[in-house]
Amino acid sequence: MPSQSRRARAVRWGVPVAAIAVVGAAVGTGPVIAAVQGDPSLPDRTAEQLLAEVVKAGREHRPPVMSGTVVETASFGLPSLPIPSGASSSPLSLLSGSHTMKVWYGGDDKVRLALPGPMSETDFISDGKGAAWLWDSGKNTATRYTLPPDAGKQDGARAARTALPGAATPGEVAAELLKAAGPSTAVTVENGQQIAGRAAYQLVLTPKDSASLVKEVKLALDGENYIPLRVQVFAKGTAEPAFEVGFSQVTFSAPAPENFAFTPPAGAKVEQQTIDGRGWGPKGVGHEAMNDGAKKLRTFGSGWATVVEVPFSLSDLSRQQGDERAKWRGGGGDPAQVADSLLKSAKQVSGPWGSGRVLESKLVSALLTDDGRLLVGAVTPQALTEAAGHK
């Protein structure tokens, strides 16, 4: 990735990132800090102004017309996992290595995502007219999703995230990270960046909470339309990002209409599914389970030090049966096998809260208690055990 320009200057700004929703109203009162000097091809912008632009772009909810190639790289320092190589469409595959995704956005809910593998490709195509396809060339299967007439217009980008949970763009990752930021976040602004051949500003978010494993997050914004072009997450004590997702190539022009058209090839197995307004799949499959899990979810702490707790045990994975478990295996590893591999490197811990096993990585820690709870956060193991004491 391009190095930082020597001309870039950083200006500290102690504004809580969680308050960016009200920044737009304050911009008209004038800058509160000196404008950043950098690449003369970009106008000077304060951190306040850039955050206001991020909020404005986020309110659109849909990306602009564009196409490009996104590369995601993870280096969490995890042990070797039983995940087949090239399983790009599986969320589990994103735990390590590099993965590529091609994206096309045509406006009006026209979306196409392509996850290429060594010998196959998985595509999601939404035509913006109430229908979408999920195509797996390796399995020679195509699933056609249809909206009922009274369901109303659906967001194609949101549907794509549901159909391909392993796929994420820089904009989606940036939105989640900005939600995590809070009053204990310092912001640095850097000018003079070049990302995918585009001049860009860079926001650097630095957590001040000592419990967080995150050293800083670098968010590069396109200098013309302020769309996130790259997100890098650095763990404490490291010089290279533990997680990175960014465009290696991007064009902000309307893709050709044929990118959003799809006809299953001869001999392909075709399935039909309908969205009933409650979930993605036949009759809202998974909707009730997700709601049930959300009701039992608890959080402790705030901002970068947030810890999430959910009921969980290894038996939950072993109960997966039939097609659902086969889908995981075909898409990049059996969750039970992956969990077993991770737990082999976990450390036994105990305290007034009970006992369990804790897994540490550069950026995330997880605690599986013997009484059936899973606690996860980008925090130190000590923060997890402290949270485990809240019964």
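The values are calculated or read from the model by the stated rules, or taken from the named source; none is laboratory data. Only a predicted model underlies this, so the values are computations on that prediction, with no experimental measurement involved. Note that we place each Cβ from the backbone using ideal geometry, even for glycine, and neighbour counts take in every protein chain shown.
List of remarks:
Condition check ((1) at pLDDT below 70; (2) under 17 Å from Phe252 (Cα atoms); (3) surrounded by 14 or more Cβ atoms within 10 Å (Cβ to Cβ)) across all residues:
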| residue | (1), (2), (3) |
| --- | --- |
| Ala74 | no, no, yes |
| Leu78 | yes, no, yes |
| Ser85 | yes, no, no |
| Arg112 | no, yes, yes |
| Glu121 | no, no, yes |
| Asp127 | no, no, yes |
| Ala142 | no, no, yes |
| Pro149 | yes, no, no |
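- Matching residues, segment 348-364, being modelled with pLDDT of 90 or more and either in contact with a helix residue (DSSP H, G or I) (Cβ under 9 Å, 6 or more places away or on another chain) or more than 25 Å from Gly237 (Cα to Cα) (or both): Val349, Ser350, Gly351, Pro352, Trp353, Gly354, Ser355, Gly356, Arg357, Val358
- Selection from segment 178-188 of residues that are in a helix (DSSP H, G or I) and either among the basic types (Lys, Arg) or surrounded by fewer than 19 Cβ atoms within 10 Å (Cβ to Cβ) (or both): Lys179
- Looking only at residues of segment 219-242 that are within 17 Å of Trp304 (Cα to Cα) and surrounded by fewer than 21 Cβ atoms within 10 Å (Cβ to Cβ), we find that the one that is nearest to the chain's Cα centre (by Cα) is Lys236.
- Among (1) in the same structural domain as Asp109 (by TED's automatic domain parsing); (2) assigned to a loop (DSSP other than H, G, I, E, B) - the single one Thr238 does not satisfy: (1)
- Here Phe262, Phe247 are screened, and the one residue that is in the same structural domain as Trp104 (by TED's automatic domain parsing), modelled with pLDDT of 90 or more and either over 21 Å from Ser302 (Cβ atoms) or outside any strand (DSSP E or B) (or both) is Phe262.
- Residue in segment 320-347 that is farthest from Phe243 (Cα to Cα), counting only those that are assigned to a loop (DSSP other than H, G, I, E, B) and modelled with pLDDT of 60 or more: Lys344
- Among the residues of segment 111-149, the one identified as free of Cβ contacts under 8 Å to residues at least 24 places away in the same chain, small (Gly, Ala, Ser) and within 16 Å of Thr100 (Cα to Cα) is Ala114.
- Scanning segment 207-228 for residues that are part of a loop (DSSP other than H, G, I, E, B) and either at pLDDT 95 or above or under 17 Å from Leu42 (Cβ atoms) (or both) gives Gly223, Glu224, Asn225, Tyr226, Ile227.
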